[in-house]
1. Please state which one of 29, 57 is in contact with a strand residue (DSSP E or B) (Cβ under 7 Å, 6 or more places away or on another chain), at pLDDT 85 or above and part of a loop (DSSP other than H, G, I, E, B).
2. Filter the range 1-19 down to the residues that are out of contact with any helix residue (DSSP H, G or I) (no Cβ under 8 Å at 6 or more places or on another chain) and within 19 Å of residue 71 (Cβ to Cβ), then identify the one that is modelled with the lowest pLDDT.
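The values are calculated or read from the model by the stated rules, or taken from the named source; none is laboratory data. Computed from a predicted structure; not experimentally measured. Cβ coordinates were reconstructed from backbone atoms using ideal geometry, including for glycine residues, and neighbour counts include every protein chain displayed.
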């Protein structure tokens, strides 16, 4: 989806468990910022709601007190990078889902 004024591109980084806003126009053009971090799930998609907020679809839940591989490798970004390269060669094609908002 494209935001009414084509100002930002919002996208999901599933393995990093966050949502990023990339500014296309204006003073912040070319600048990316995290606008949702540490979600209680692995985000799968993002859509603009009718009220102006966002709906973020979740693929898998994260539970407090239970082992989660992505949380475990969090301090080592290079391991997540390797995981994206391995998953890109499998049947799972998308790690980063993009929506124009």
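1. Values: 57 fails: part of a loop (DSSP other than H, G, I, E, B).
Exactly one of 29, 57 is in contact with a strand residue (DSSP E or B) (Cβ under 7 Å, 6 or more places away or on another chain), at pLDDT 85 or above and part of a loop (DSSP other than H, G, I, E, B), namely 29.
2. So, considering only residues that are out of contact with any helix residue (DSSP H, G or I) (no Cβ under 8 Å at 6 or more places or on another chain) and within 19 Å of residue 71 (Cβ to Cβ), the one modelled with the lowest pLDDT is 14.
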